[in-house]
Structure formats: structure tokens, C-alpha cells
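Novice: The structure that follows is given in the form of C-alpha cells.
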């Protein structure tokens, strides 16, 4: 089958775009019949998120010539993903004769018939490994007996099917299942899944990729990846970005019938932080409204969720994924609504308010992901112009697409040349970390400090903290090999509008006295 | 089969958008897809995931190796098999609730020989068809009252166009729409309630919990008394009115008064209906007869309501936004608005019944729920009428075309519009699209160029010309169907299909022209 995947006839359509010259193309476009293969061999792309956008992105990128793809997602598959995350199934691949173990999702109403069947003599060799409760289903892991013939598996399959049993993906890692499914369909593409948090990966992991494509639904995660990509950016003495250090990001996002796609070339186009105002923070209800003057169903729900839960369940934290917790909040909200004569509390609304559910549909995800994948292809190949730099899609009233060319914030803490810090050569690392918390432009507490990839001090994990603790009392000038000026990276907790978030920052450190000459140059240029 | 509960969970994220009504409209729809290349496959994939009722995939071709490079729904096992069959079986795997079937036939042949084939469908999505077939299909669908969505991907361009006689929308669900509070024109019950609050009261707790609706109604009345019965209208008057509001604040932190200041413009909203609504109630379709749709019967009743019962206003929407208030005042206000909306709805219901009787239909033919929903959305009704495609092709709106040709932001989009027509003529002459073979591209460019210029001059557009570079691009594309472009176009086509089937939101009005070069896609209403 390897022959088929490398057969150039397979890629007839995309090769036309990559092998033929044109006049409306990127500056660095070098059309060639081998361009697609070259991209496939050389370029490594990271897809962040394997949800609604991520599934589409993996498919789109794999069918655009990308061959080395990694995907990272900490989430597991839920039933409510299945209306759009097309790589996930209720049942899949059961007829594979090599299958030995299968997970079954059994609807509550069919449980008894399954148990009855499992209890009969003939089927006793089916072993139930584990069972766990979902909201309205039971999950079983079953080991199939070593039958010799596939038709016997087939018999089981048919029985399970008519019993309302489904092989399913619910509960598995999104990244792992998505990677497996795309690789199974598109021979020759390599997708490496990472079932973990984006914070679990170190800088070198991210630095290995030529381009990062984001399919996320959270501002915090976007901000984090953005700061990592911008952290690789280096500037020359004249504050001009060094082209080879630019790590492009393509970011997509959707909400209902609306979405956006944007291209971030750190140092050249605005980064996520430069236009952070595009993502206004979520409005929260004042606690006094919840406690004293509730007016809407949402007020009653948030009262039950934020106030009543804590009053009743001392010390037990609320888990939005626990159906019993959600049911409790719903019933409490209902009681409160009745008390105040408020209507509209439903279980669905309760979930929506508590989990801050953003409506999502397949078509919008498809549109936004396709735009992102196309931009990724254009960035790595130069086969056409690139989006400059922010596209919004709105399908509520017609089909509106608007492209806005936003401008950079030159003082951006994240993608700018960096915050300049003047230090005495005697400043210790510990004093320096203290300074970061007080510096009005930074306000970063609990900072970990990295210099040229070397950990000077790490707050966690404990083992690293212990290893780096001895550096705290050493002057930072010494830790930086007595260079007059250089860039440092810090990570820590930033506090903005009472909201704590993990952050990464870039600092340009200049040592007083040693760096007089260099400092002079810096200040005259920036003024 | 999944239980109702599982189904609800599975579709939760979309039910929050179009509700159970919208979902059941999707589940009752029967969709036909013509050609299942990547554009069509992706369009259908999105609909199948969302739980569309039935699909029929029509394609006459066998799977070739290049199909595996741009269509995710096909894999190596599909090679040499019917494309329609393979795509259909993958779609079935995506959602077993969908009834999926396929027809192994070339769509052009069906259009040519068996127009009745289409009559069973709710909506047809026609992909990768050329001009002649599209025009014929459009006639067939219009004749049979079937909705048509035309979609096409071609290199870095593509298009989506809806065609049907008329599409009416009650739940247009606009993003931002001014709420219907009637502060400029309050009814007696509302005024009466407002008067129970004395704004000069000294109890600070009650003062800061008086809803802004009450504040504004009282102050508007006060203002009107001092201004010969008129509400603030000039900029200076509006400013003075705000000062009047400020003068009643006990301190600057009163949220309800801040809200009143922000909403003070609602007092100055002109009475009566918007120009859009005025156009709808004056449409010739309100001369209803027994063949009129329920929608137009309702519009006829709405016109009577506005003229006779509503004092120039449509039925009240009946809901109010959240605002700083004591629970008690807020709940009472809610009830006052609801009661008025209900009584307006009852009046409408009587008018609907009498109209139905007049046109010889059962007076109870239109459900109360439908009327209620109509009243709630009366200010947001939308009507889309589409020119038939043949007319657009033979006589597009020239001033619009001219305008686009001269507008830099539109130049690629409109250029591609002309060039997509040009490649179809090229194909009609040469039996192939330009640039499908490697080599000889310059000759292809010089063949395509006169065709494109010919189209412009046929339309009488001798002034503007097409960019040479864009013609080169079109030949470079060589009729390729790139997966990313197809996924985009298919995505738009499915999005529009959903809006048409659910009769919610407002569908695309003209031709959506995809511009994959710099993403400045545009809608051309020609």
C-alpha cells in the first residue's frame, strides 16, 4: 500500500497549485513537481486541539500535502461532541478480525437484555472487564473469546447491535482517536498524538514545529501558545525580527454560525496579545444579584452553583462533569426560581450556564478550519498570497466574510522586542524574581526563569525546584555568563483584573555599568 | 437506536442554536447531492453529522486514484468502485440515524432525461456542474418547488448560490436587534405600573432597585409635560434628557440609573415600523388567496393589526432584557409585557381566522403556536427572493457588476465570477477545462482570455478588463478541486442548506464568490 500513498497521481489536484508558476503568489514561491513532497518531508506542523476544529484541521492538512503532523489535546470524547467531531463514533471497526477487546456503550434500557445474554452458558467466555456509569449509559470493556472465525465475531456484533449496544469512542483521548482515524484513511501521513495539557510540553517540543495551527475554544490556551511561539522570536540590534526565528501561527475559532481565522507571523503581524481586546472577557453576574435580587433563570442557576453548593457541601468541590452534581444544581435552581416567581430554568440551560457551553456546529467548524488549513499551506509553500491578517465569518444573515488588516502593538509584552530591565551586576536571582512581581509592566509572581534554554530557577516540579534552588542567591549576572545584555524568559502567574493566568514573558536584561555602551544604543533607537 | 436522551446529548451544541423545531425540520428533510467529489462530500458530511433525515448521493463516476488525494470520504479500498456508493457508505457510518442511499448515474443525464427524479427532495445540493446543467436544473427545481443550492470549487476559487422562488423566514434571529420595550409609546398598564414608583423616594435601597424601564417611562412623561407633549428628539434634547436622568440619581454608583442613561435613546425611537417591515406588509403577496402560504396569511393579518389594532405598531414581542432591579419589580414588569404580548397575539389570531375564512380555508388551519411565534418575531421577518439563474447569466445587474469591477476589494471575486463562466464556455468548446494538462499553459491562457473578454462585452461591459494575472491563475488551477477549498465551499453550502431547511436565520442572498488568494470573498447580488 506504500506505493499508493506515494503515487504522485494521487495528489494531482494539489500538485497543480504547487508545481505551476503564477503571478499572484508569495515572494518565496518556488513551484516544482516535488514541492509537495518536500513540504511533506521537511515541514512539521502542530495542531493544538482535537475537537471540532482539530478534527477538521487534521483531515484538511493531511489532504493538503502535510505528512508530519502532531496533535495535542487533553480532552476525552463526549457524546455531545458527535454532532461535529466527525472522527469520533458511536461504533467503529467492530468487524476487524484482530479485535480482542472492545468497549461497549450500553443504553440503560438495554442493560438487562445484555446481562441476560451474558449470563447464558454459550456466551460465558465473554468477560466483562470493567463497567462504569455515565449519565444514561453504562460502559463496559469486554474481552472477546479467541474465536477462530470472523463470522463468529460477526454473530456477536449483530447480537450486540440489536441489543442496543454500540462500540464507541466516548471516554477515549481525542488526540489519539483522531490521529488513528486520519492515518487509517490517508496512507502515508504520520500523526503523533499527545494526550496531555499544552503546559505539559516544554519549549523544545514546540520549537520543533515549523508552523502551529490552533483549533481551540479558550482564550487562555490561545494566549499560552501565542506566548510560546513569540518566545522563539529574536530581534537584531535594530529591533528588526530575525526571519528565521518567526514561528507562524494560524488560529481558528467558532461560535455557532460565526467564526474567525487569523494568521500570526510574530514580529510581522499582530500576535494574539496585540489584539487581545478582540476577545472581551466573559461577563459575570454580581454576587449580590445572585444572593439578593435574582431576576433570570441564569441567576438562579448560578446561585445554586456558586453559593448554595458551597453552603451545603462543605469542602466538596463541584464537578461540572458529574451528572449528579449537575442534577443537584438544577433542582436547587428550580426551587429558587419557584420561590421568586422566575421561569425558564431547564436542565439544558443549567448545563449551558454552569459549563459556559458555546454552541457549535459542523458547518462553521468546517469553514473556519478549511480557511486555516489553506493559509497553513500558503505559508509553508508560498503558492498564493496569505491572509492579512484576520478573517471573520458570519453566517447569521447571509454569508459575510470580512478581512481586517490589524496592526501590531509595538510595545506588546509578548511579541515585541521585550521589556527592558536594568539590573545591577550584584542583583541575585532571588531579588530579580522579586522585582518581577513589582514591575508595573510585568506583575509576574512565582516566576521561573530560563536563560537560553537553561533553567535558572524552576518553581515546579519539586525535583527541578530543588535542583535550581541553589541559584537563587547567585547574582544573575553570573548566571548569564557575564554578558552585558541578553534576553531572558520567565514563566509565572500574571494578575490582570483580578484574574490569575499562567504566562510567559520575554525580558531584555541590561547590566548597569557593564553595558553602558549597549544601553545607550538601545535607548536612542527606541526613542 | 439511541434513546431520546442520548440524542439530545449528541445534538446538544446545535440544539442550543436552532432548537428542537429546527432539529425536527432537519430530520424531516430529504436531501439530494449531485456529484460527490470533495465539495459535495464535505457538504453532506456536515449535514449528516447534524442529523439530516435522508440523503441521496448521485454520481456516475468510479473512484480513481486522484480522488484519494482530495476526498476524505474515500479510501484505498474504494478504488474502482462507484464513488456514490463509497461516499454513501462512509456517510452512513458517521450517523446511523440518517437514511442514506445512492444512485450511480451522471447528474447531467438525470437533469437531461429524468427531471421527475428530483421531485421527492426537499433540497438539492448541486456541485461541480457547468452552466448549461445548472440552468436546466434550476428550472426543474423551481417548477417542483425544490430548494436548490449550487456549489462549486475550482482551484483557489469557488462559489455558492441559492436558487428558489421565495424563502420566508420568521425566526431570522439577528445578532443585534433593538429590544421592543415601547418606552416611546407605552400602553396604559405599563404607565400605571411605572407610576407606582416615586423616583424622588428617599429609601436608597428601593431607589437603586427601580428598573430602568420605570425610570425612563416616568422621566419621559415628565419631559413630555414640559415640552408640549413631545419626547426628546434633537441631539441637544437628548443630552438634556440625560441630564434629567442624572439629576435623579442619588449617587453616581446606581447601576439602574447608569443603565437608564445608556438606554435613554430608546425613549426617542420613532414610532411605527421599520422600512424593511413596511416593505413586507406592502408586498403584493399579501393579497392572499387559498393558495397563499401560511406566512403570507400571517403578514396580511399583521398589516391589518398594525393599521387597526396596534396604533401603528406590530404585536409586542413580550420579553425584556435583564436589568438591575428588585426581583419583585422585575417579575411584575415581565408579566405586564407578557400580558400585552398575549393580548396582541389574541387579536392577531382573530384576524388570521377571519382571513382564512375569507379565502375559503379552515379558520383553524394555522396553529396558535405558529401565530405566537410569528408575533414574537414580527419585527424581524425576512424574505429572500432569488432571480432564476438563467436570467442572472443573460442579464446580470450591470451597475452592480460595474461597481464590483471597479472596487479593489471586489476585483478578484468578480473576476473569478466571470472566469468561472469563461471556463464553462471553454469546456463547451474544447470538451475539457483549461490547464488540466501540464505544459502549454501559455496557449491555454491565450485561449481563455478572449472568451472572458467576450463575456464582458456581451454584457456591454467594454470599459473594465480582467486582470491578466487572474486569467493566468485560472489556467494554473486547471480545474483542480483542492480539499481545503472544497471543505470551505462545502461548509458554506451545508450552512445555507441548514438555514433553508430549518427556516431560521437569513440565507445567502446573492452569489458567494470564494477568493482563496487573500480570502477577501464577496457576495455578488446580480
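The values are calculated or read from the model by the stated rules, or taken from the named source; none is laboratory data. Computed from a predicted model, the values in this text were never measured in an experiment. Ideal geometry is used to build each Cβ from the backbone, glycine not excepted, and the neighbour counts take in all protein chains shown.
Novice: Residues being facing chain B (nearest Cβ under 9 Å) and part of a loop (DSSP other than H, G, I, E, B): count how many of those fall in region A:362-415.
Specialist: Total meeting the criteria: 10.
Novice: Another question, then. Give just the number: which of (1) surrounded by fewer than 21 Cβ atoms within 10 Å (Cβ to Cβ); (2) in contact with a strand residue (DSSP E or B) (Cβ under 9 Å, 6 or more places away or on another chain) does residue A:230 not satisfy?
Specialist: (1)
Novice: Of everything in region B:472-484 that's in a helix (DSSP H, G or I) and more than 7 Å from chain A (Cβ to nearest Cβ), which residue is surrounded by the most Cβ atoms within 10 Å (Cβ to Cβ)?
Specialist: Of all residues in region B:472-484, those in a helix (DSSP H, G or I) come to B:472-477, B:483-484.
Pick out the ones that are also more than 7 Å from chain A (Cβ to nearest Cβ) and you get B:474-475.
Details: B:474: 31, B:475: 29.
Residue satisfying both the conditions and the ranking: B:474.
Novice: Any idea which residue in region A:200-231 is farthest from residue A:59 (Cα to Cα), counting only those that are without any contact (Cβ under 8 Å) to a residue 24 or more places away in the chain and assigned to a loop (DSSP other than H, G, I, E, B)?
Specialist: Within region A:200-231, the match that is farthest from residue A:59 (Cα to Cα) is A:202.
Novice: I've got another one for you. Determine if region A:427-442 includes at least one residue that is in contact (Cβ under 8 Å) with a residue 60 or more places away in the chain, surrounded by 15 or more Cβ atoms within 10 Å (Cβ to Cβ) and outside any helix (DSSP H, G or I).
Specialist: Yes: one or more hits.
Novice: What number of residues within region A:263-299 satisfy the criterion of being more than 10 Å from chain B (Cβ to nearest Cβ) and either in a strand (DSSP E or B) or out of contact with any helix residue (DSSP H, G or I) (no Cβ under 7 Å at 6 or more places or on another chain) (or both)?
Specialist: 18
Novice: Restrict the check to region A:458-472 and report whether at least one residue is in a helix (DSSP H, G or I), in contact with a helix residue (DSSP H, G or I) (Cβ under 9 Å, 6 or more places away or on another chain) and touching a residue at least 24 places away in the same chain (Cβ under 8 Å).
Specialist: Scanning region A:458-472, I find at least one residue that is in a helix (DSSP H, G or I), in contact with a helix residue (DSSP H, G or I) (Cβ under 9 Å, 6 or more places away or on another chain) and touching a residue at least 24 places away in the same chain (Cβ under 8 Å), so the answer is yes.
Novice: Suppose we keep only residues that are at pLDDT 85 or above and facing chain B (nearest Cβ under 7 Å) within region A:62-92. Which one would you say is nearest to residue A:380 (Cα to Cα)?
Specialist: Per the criteria, the residue is A:64.
Novice: Here is a check on your reading of the model: is residue B:419 more than 9 Å from chain A (Cβ to nearest Cβ), in contact (Cβ under 8 Å) with a residue 60 or more places away in the chain, in contact with a helix residue (DSSP H, G or I) (Cβ under 8 Å, 6 or more places away or on another chain) and surrounded by fewer than 24 Cβ atoms within 10 Å (Cβ to Cβ)? Outline the logic, then answer.
Specialist: Details: more than 9 Å from chain A (Cβ to nearest Cβ): yes; in contact (Cβ under 8 Å) with a residue 60 or more places away in the chain: yes; in contact with a helix residue (DSSP H, G or I) (Cβ under 8 Å, 6 or more places away or on another chain): yes; surrounded by fewer than 24 Cβ atoms within 10 Å (Cβ to Cβ): no.
When the stated conditions are applied, residue B:419 does not pass them.
Novice: Please find, among B:21, B:92, the residue that is part of a helix (DSSP H, G or I), more than 14 Å from chain A (Cβ to nearest Cβ), surrounded by fewer than 20 Cβ atoms within 10 Å (Cβ to Cβ) and in contact with a strand residue (DSSP E or B) (Cβ under 9 Å, 6 or more places away or on another chain). Before you say what the answer is, go through the steps one by one.
Specialist: Numbers: B:92 fails: more than 14 Å from chain A (Cβ to nearest Cβ).
On inspection, the qualifying residue turns out to be B:21.
Novice: Kindly check whether there is at least one residue in region B:179-189 that is in contact (Cβ under 8 Å) with a residue 12 or more places away in the chain and within 14 Å of another protein chain (Cβ to nearest Cβ). Talk me through it step by step, then tell me what you get.
Specialist: Kept after step one, since they are in contact (Cβ under 8 Å) with a residue 12 or more places away in the chain, are these residues of region B:179-189: B:179-187, B:189.
Within this subset, residues satisfying the condition of being within 14 Å of another protein chain (Cβ to nearest Cβ) are none.
No, because not a single residue in region B:179-189 is in contact (Cβ under 8 Å) with a residue 12 or more places away in the chain and within 14 Å of another protein chain (Cβ to nearest Cβ).
Novice: Hey, can you tell me all the residues within region A:321-341 that are at the interface with chain B (Cβ under 10 Å from one of its Cβ atoms) and over 21 Å from residue A:292 (Cα atoms)? Reasoning before the result, please.
Specialist: So in region A:321-341, the residues at the interface with chain B (Cβ under 10 Å from one of its Cβ atoms) come out as A:339-341.
Answer for region A:321-341, where residues must be at the interface with chain B (Cβ under 10 Å from one of its Cβ atoms) and over 21 Å from residue A:292 (Cα atoms): there is none.
Novice: (1) at pLDDT 95 or above; (2) within 11 Å of another protein chain (Cβ to nearest Cβ): which one isn't true of residue A:30, the others all being true?
Specialist: Unmet for residue A:30, out of (1) at pLDDT 95 or above; (2) within 11 Å of another protein chain (Cβ to nearest Cβ): (2).
Novice: Another question, then. When only residues in region B:51-64 that are within 12 Å of chain A (Cβ to nearest Cβ), modelled with pLDDT of 95 or more and farther than 20 Å from residue B:146 by Cβ count, which is surrounded by the most Cβ atoms within 10 Å (Cβ to Cβ)?
Specialist: From region B:51-64, those within 12 Å of chain A (Cβ to nearest Cβ) are B:51-52, B:63-64; that's our starting set.
Okay, now just the ones that are also modelled with pLDDT of 95 or more, so B:52, B:63-64.
This time we only want the ones that are farther than 20 Å from residue B:146 by Cβ, so: B:63-64.
Details: B:63: 24, B:64: 16.
The selected residue is B:63.
Novice: Which of the residues that make up region B:149-177 are closer than 30 Å to residue B:369 by Cβ and part of a loop (DSSP other than H, G, I, E, B)? Even if it seems obvious, please write down each step before you answer.
Specialist: Taking region B:149-177 as the starting set, the residues that turn out to be closer than 30 Å to residue B:369 by Cβ are B:149, B:162, B:164-177.
Correct list: B:164, B:165, B:170, B:172, B:173, B:174, B:175, B:176, B:177.
Novice: Select from region B:352-410 the residues that are assigned to a helix (DSSP H, G or I) and without any contact (Cβ under 8 Å) to a residue 12 or more places away in the chain and list them in ascending order.
Specialist: Matches in region B:352-410: B:353, B:354, B:357, B:358, B:369, B:391, B:394, B:399, B:403, B:408.
Novice: Now, a different point. If you take the residues in region A:14-27 that are more than 7 Å from every other protein chain (Cβ to nearest Cβ) and closer than 21 Å to residue A:387 by Cβ, which one is surrounded by the fewest Cβ atoms within 10 Å (Cβ to Cβ)?
Specialist: Narrowing region A:14-27 to residues more than 7 Å from every other protein chain (Cβ to nearest Cβ): A:15, A:18-19, A:21, A:25-27.
Then keep just the ones that are closer than 21 Å to residue A:387 by Cβ; that gives A:18, A:25-27.
Numbers: A:18: 24, A:25: 22, A:26: 15, A:27: 6.
The residue in question is A:27.
Novice: Another question, then. For residue B:487, are the conditions met, namely being within 9 Å of chain A (Cβ to nearest Cβ), touching a strand residue (DSSP E or B) at 6+ places or on another chain (Cβ under 7 Å) and not in a loop (DSSP other than H, G, I, E, B)?
Specialist: Values: within 9 Å of chain A (Cβ to nearest Cβ): yes; touching a strand residue (DSSP E or B) at 6+ places or on another chain (Cβ under 7 Å): no; not in a loop (DSSP other than H, G, I, E, B): yes.
Judged against the criteria, residue B:487 is not a match.
Novice: Anything in region B:500-526 that is more than 15 Å from the chain's Cα centre (by Cα) and at the interface with chain A (Cβ under 7 Å from one of its Cβ atoms)? List them, or say none. So that I can check it myself, show each step before the final result.
Specialist: Step one: filter region B:500-526 for residues more than 15 Å from the chain's Cα centre (by Cα), giving B:513-522, B:524, B:526.
The answer is B:516, B:517, B:518, B:519, B:520, B:521.
Novice: Taking into account only those residues within region A:373-386 that are in contact with a strand residue (DSSP E or B) (Cβ under 8 Å, 6 or more places away or on another chain) and under 9 Å from residue A:61 (Cα atoms), which is surrounded by the fewest Cβ atoms within 10 Å (Cβ to Cβ)? Outline the logic, then answer.
Specialist: Here is the first cut: in region A:373-386, the residues in contact with a strand residue (DSSP E or B) (Cβ under 8 Å, 6 or more places away or on another chain) are A:373, A:375-376, A:379-380, A:386.
Among the residues that remain, those that are also under 9 Å from residue A:61 (Cα atoms) are: A:373, A:376.
Numbers: A:373: 32, A:376: 28.
The extreme case among them is A:376.
Novice: Also, quick follow-up: Scan region B:500-516 for residues that are buried (at least 24 other Cβ atoms within 10 Å of the Cβ) and part of a loop (DSSP other than H, G, I, E, B) and jot them down.
Specialist: The answer is B:505, B:507, B:508, B:516.
Novice: Next question. Find the helices (runs of 4 or more DSSP H) located wholly in region B:248-328 whose residues include 1 or more that are touching a strand residue (DSSP E or B) at 6+ places or on another chain (Cβ under 9 Å), and list them. Show your work before the answer.
Specialist: Numbers: elements: B:255-262, B:275-281, B:294-304.
Because the criterion is at least 1 residues that are touching a strand residue (DSSP E or B) at 6+ places or on another chain (Cβ under 9 Å), the helices (runs of 4 or more DSSP H) in region B:248-328 that meet it are B:275-281, B:294-304.
Novice: While we're on this one: Among the candidates B:15, B:73, B:47, B:26, which residue alone is within 26 Å of residue B:146 (Cβ to Cβ), at the interface with chain A (Cβ under 10 Å from one of its Cβ atoms) and within 20 Å of the chain's Cα centre (by Cα)? Reasoning before the result, please.
Specialist: Details: B:15 fails: within 26 Å of residue B:146 (Cβ to Cβ); B:73 fails: within 20 Å of the chain's Cα centre (by Cα); B:26 fails: at the interface with chain A (Cβ under 10 Å from one of its Cβ atoms).
Step by step, each of B:15, B:73, B:47, B:26 is checked, and only B:47 is within 26 Å of residue B:146 (Cβ to Cβ), at the interface with chain A (Cβ under 10 Å from one of its Cβ atoms) and within 20 Å of the chain's Cα centre (by Cα).
Novice: Part of a helix (DSSP H, G or I), in contact (Cβ under 8 Å) with a residue 40 or more places away in the chain, more than 7 Å from every other protein chain (Cβ to nearest Cβ) and in contact with a strand residue (DSSP E or B) (Cβ under 9 Å, 6 or more places away or on another chain): does that describe residue B:497?
Specialist: Values: part of a helix (DSSP H, G or I): yes; in contact (Cβ under 8 Å) with a residue 40 or more places away in the chain: yes; more than 7 Å from every other protein chain (Cβ to nearest Cβ): yes; in contact with a strand residue (DSSP E or B) (Cβ under 9 Å, 6 or more places away or on another chain): yes.
Criteria met by residue B:497.
Novice: Here is a further query. Yes or no: region B:144-152 includes at least one residue that is crowded, with 16+ Cβ neighbours inside 10 Å and at pLDDT below 95. Write out each step before concluding.
Specialist: Taking region B:144-152 and keeping what is crowded, with 16+ Cβ neighbours inside 10 Å, we get B:146-152.
With the extra rule that they be at pLDDT below 95, the set shrinks to none.
For region B:144-152, residues crowded, with 16+ Cβ neighbours inside 10 Å and at pLDDT below 95: absent.
Novice: Looking at residue A:344, is it at the interface with another protein chain (Cβ under 8 Å from one of its Cβ atoms) and in contact with a helix residue (DSSP H, G or I) (Cβ under 6 Å, 6 or more places away or on another chain)? Walk me through it before giving the result.
Specialist: Values: at the interface with another protein chain (Cβ under 8 Å from one of its Cβ atoms): no; in contact with a helix residue (DSSP H, G or I) (Cβ under 6 Å, 6 or more places away or on another chain): yes.
It is false that residue A:344 is at the interface with another protein chain (Cβ under 8 Å from one of its Cβ atoms) and in contact with a helix residue (DSSP H, G or I) (Cβ under 6 Å, 6 or more places away or on another chain).
Novice: Could you grab me the full set of residues in region A:347-357 that are more than 8 Å from chain B (Cβ to nearest Cβ) and in a loop (DSSP other than H, G, I, E, B)? Can you show your working first?
Specialist: Of the residues in region A:347-357, the ones more than 8 Å from chain B (Cβ to nearest Cβ) are A:347, A:349-350, A:353-356.
Of everything in region A:347-357, those that are more than 8 Å from chain B (Cβ to nearest Cβ) and in a loop (DSSP other than H, G, I, E, B) turn out to be A:355, A:356.
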